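The values are calculated or read from the model by the stated rules, or taken from the named source; none is laboratory data. Just so you know, these numbers come straight off a predicted model, no measurement behind them. Methodologically, a virtual Cβ is constructed for each residue, glycine included, from the backbone with ideal geometry; neighbour enumeration extends over all protein chains shown. Surface accessibility is based on the protein's heavy atoms, side chains included, excluding ligands, DNA and RNA. Shrake-Rupley method; radii C 1.70, N 1.55, O 1.52, S 1.80 Å.
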Amino acid sequence: MINLRRSEERGGGNHGWLKSRHTFSFDQFHDPKWMGFRSLRVINEDWIAGGQGFPPHPHRDMEIITYILEGGIEHRDSLGTSSIIRPGDGQRMSAGRGIRHSETNPSPTDAAHLLQIWITPDRPGHEPSYEQKAFAEEEKRGKLRLIASPDGQDGSVTIHQDARLYVSLLAPGEEAGHAIGKGRHAWLQIAKGAVEVNGRKLQQGDGAAISDERALNIKGAEDAEVLLFDLV
């Protein structure tokens, strides 16, 4: 079963320095039908104006992934981390028992375009930590590249949950397949372009909750960038 979450159904708003679209209930947006999916709690598509960002604020007991589509975000946190996240990076912050961080667009003029992803951890109280790695474009071209997993498989960043995040770049007509294990589910998020998944057409900003499917075939309808979450 594939349940589509269309882009235009998302919540969010335009705050001047920040434009945001919320796939699931978040902040002032509440949709009881879409409180999350399995351990996936937040997918926010954000555009942050040049020189703007989120001042230091706390998090706890959440696995937070920032996936950059255009531009960059400067991350600073209470662990002493200071880094700029750019397109192609796999990044996660495990908030654990508690962490404070800020996120700022370092460009004075150009907007940053990104996905903010929250995954609930397997238990509360983990040690806060941060990890960031670069993944080359050719590793994602025409295939699904694992960038986050519970065990660091294939050099992916490690998260405290039985969840795996794959990324693929697909040209028109190009296909990538994924087998879904027994008792597992998937979420597909279209970051750019358009694809067909098992014959269903999805456009930029669309998502799909996938259950009781044994396999996925993702075919590029135009140049596309997709994120696939394999979830327990």
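Side notes on the structure shown:
- Taking Cβ atoms as reference points and 15 Å as the exclusive limit, the residues near W34 contribute a net charge of +1, counting Lys and Arg as +1 and Asp and Glu as -1.
- Linear extension gain, E70 paired with M1, 0.36 nm per residue minus alpha-carbon span: 21.6 nm
- Around the amide H of R41, modelled in the peptide plane, lie the amide H atoms of W118, I119, T120, all under 5 Å away and 5 or more residues distant in sequence or on another chain.
- Accessible-area ranking of F37, F54, F24, largest first, probe 1.4 Å: F54, F37, F24
- Heavy-atom accessible surface of the chain: percent carbon and sulfur, 1.4 Å: 47 percent
- Couplings 3J(HN,Hα) of segment 28-42, computed from phi: 7, 8, 10, 10, x, 7, 9, 8, x, 8, 6, 7, 7, 9, 9 Hz, in residue order, whole Hz [Karplus 6.51 cos²θ - 1.76 cosθ + 1.60, θ = phi - 60°; x for Gly and Pro].
- Evaluating 6.51 cos²θ - 1.76 cosθ + 1.60 at θ = phi - 60° for every residue in segment 116-132, the Karplus couplings come out as 9, 10, 10, 10, 5, x, 6, 7, x, x, 5, 5, x, 7, 9, 8, 8 Hz, glycine and proline recorded as x.
- Its relative contact order, with pairs defined as Cα atoms under 8 Å and 6+ residues apart, puts segment 50-106 at 53 percent.
- Built amide H within the under 5 Å cut-off of G193, gap 5+: Q204, E225
- Residue-level accessible surface for W118, protein heavy atoms, 1.4 Å, Å²: 60 Å²
- For the pair A134 and T109 in one chain, pulling the backbone fully straight at 0.36 nm per residue adds 6.5 nm over the alpha carbon distance.
- In order through segment 165-179: 3J(HN,Hα) via Karplus (6.51 cos²θ - 1.76 cosθ + 1.60), integer Hz, x for Gly, Pro: 10, 10, 10, 9, 10, 10, 7, x, x, 7, 10, 9, x, 8, 8
- For D89, distant residues with modelled amide H under 5 Å away: I68, F135
- Annotation: extensible slack from R60 through Q28 equals 9.5 nm (criterion: 0.36 nm per residue apart, minus Cα-Cα distance).
- Cα pair count fraction exceeding 28 Å, expressed as % - the chain: 25 percent
- The mean accessible area for residues of the chain, using a 1.4 Å probe and ignoring ligands and nucleic acids, is 43 Å² per residue.
- Whole-Å distance, taken between Cα centres, linking segment 18-39 and segment 94-148: 18 Å
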